[in-house]
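Here's the structure we're looking at; comments come further down.
Nothing in this text is a laboratory measurement; each read-out follows from the coordinates by a stated rule. These figures come from a predicted structure and were not determined experimentally. Virtual Cβ from ideal backbone geometry, glycine too; neighbours counted across all protein chains shown.
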Amino acid sequence: MRAATEDPWFKRYAEATAMKMVTGIFSNAGRTWRQAANVNSKGATLHKALIRELETPIGGAVSTEVQRNAEYIRSVPANVAREFAEHIATKSFAGMRASDIAKELQSIYPHVSDVKANLIARTETSKTHTALEKARNDYLGIKWYQWRTSEDQRVRDSHRHMDRVLVAWDDPPSPEQLIGERDVGNYHAGNVWNCRCAPLGIIDLDEVNWPAKVYRAGSISTMTRAQFEQIWEPSVVS
């Protein structure tokens, strides 16, 4: 397994797969922007802006995400091998014969591989979307975003608690800790396993329904627009 992950062919495959994931997100975002712009007769202008965007630090963020995702894809065989080694040890200590262990591994291998592949695809696609949104926001000087969930029954309680909360990019929350669950660290919308949430950068305060919930330094409070303006730094869009 370890040798396979270092094979040049597998490295090229992982990078090509990661490129499809990342550029797919970037292209879809661009397509959505162009469709919205066409309604206002500005499609050509925004299309040119998106092309120029790749020549900015945002283009560098795309390259970074490609390499990061490629490493995760390459990790699947090694992770599966490690889990199987632990499984073999456990079964051996329990007295199971090697031939029976081998049969068991053969039956569960496709399932384990599919689960890991799907988890990586879901999680890394979401993380990539967040990374590109943050890159755009950083480039435009946007300091805050609104945490948005999928607003369905599959949303975890900790993330439902964050829905429509205003969050600063330099102060990620711990959604689990905020509702008394086991802390799994501080992170932004879309940056944890199986998360379908998304960060929506705040360009204009008119886009927010006031009063609004605001996360700051470990807690959430409700603020009026006037109160939020005291801590909000206007975006510099050029």
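General remarks:
- Computed over segment 165-217, the alpha-carbon pair-distance distribution with 10 angstrom bins reads 21, 52, 24, 3, each value a whole percent.
- Burial ranking of peptide ranges 174-185, 190-201 (average Cβ count within 10 Å, highest at the top): 190-201, 174-185
- Whole-Hz Karplus values for segment 131-142 come out as 4, 5, 5, 5, 4, 5, 5, 4, 5, 8, x, 8 Hz, taken residue by residue from phi with 6.51 cos²θ - 1.76 cosθ + 1.60 and θ = phi - 60°; glycine and proline positions read x.
- The length gained on full extension between Ser107 and Ile220, counted as 0.36 nm times the residue separation minus their Cα-Cα distance, comes to 35.9 nm.
- Between the amide H of Gly201 and those of Gln146, distances stay under 5 Å, these residues lying 5 or more places away or on another chain, with hydrogens modeled in the peptide plane.
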